[in-house]
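Throughout, read-outs are computed from the coordinates displayed, never taken from laboratory work. These numbers were taken from a predicted model, which means no experiment stands behind them. No Cβ is skipped: glycine too gets one built from the backbone with ideal geometry, and neighbour counts run over all protein chains shown.
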Amino acid sequence: MALRIVRTMGDEVLRKRAKEVKVINDKLKILIDDMIETMYAENGVGLAAPQIGILKRVFVIDVGEGPIAFINPEIIEVSEEIQKGVEGCLSIPGERGYVIRPMRVKVKTQTINGDEEIIEAEGLFARAIFHENDHLNGQLFIDIMEDEPVLEEEIDENDGEIC
Ligand code: NI
């Protein structure tokens, strides 16, 4: 496993649409292992492949229950109920903002074995999925964050929400 360099604002790769993964092979497995290692090293809750310069539809998330890799994820259902919370991004150091997201999401994805899987998530897990999925489409949280300053105490409380 190896650490990869996280790309930051100004790097064009963050604004491009990632391409579908066609073959799940050892190279992809190494990429995912490296992404997980890099996410932990950077204290992130999630990491999307474009953030390390790879334009593939892959992201990893760990909200405290172990790492999960999403390959070719597709959001198939979102709740009407919403949540408002603080987000940050490893690719935008120092920036925080409130983002409104659906409370729950249902995602169709592929596992590392190529099997199709439906994952249902809510709360922080759902927020991380939306944030990472946006990265696959070249969208960043600063594009959709609320126009209001984040309260200091909420920055501390939400320290783990950097994706
Ligand atoms: Ni991010």
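Some values worked out for this structure:
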read-out	value
Charge dipole magnitude, Cβ of K and R +1, D and E -1 - the chain, Cα centre, debye nearest 20	1060 debye
Computed P(r) (all Cα pairs; segment 12-159; 5 Å bins; percent)	2, 10, 19, 24, 23, 14, 7, 2, 1
Helix 26-41 axis, angle to the chain major axis (alpha carbon atoms, nearest 10°)	30 degrees
Candidates Asn137, Asn72, Asn25: whichever shows maximal mean-square fluctuation once the chain is modelled as a Gaussian network with Cα springs under 10 Å	Asn25
Residue-averaged [θ]222 nm for the chain, counting only DSSP H segments that reach four residues, each worth -39500 (n - 2.57)	-7000 deg cm²/dmol
Taking only Cα atoms of segment 1-92, radius of gyration then Dmax in Å	13.7, 40
Whole-Å distance, taken between Cα centres, linking segment 17-50 and segment 57-74	9 Å
Residues Lys29, Lys22, Lys56, Lys108 arranged by fewest to most Cβ contacts within 10 Å	Lys22, Lys29, Lys108, Lys56
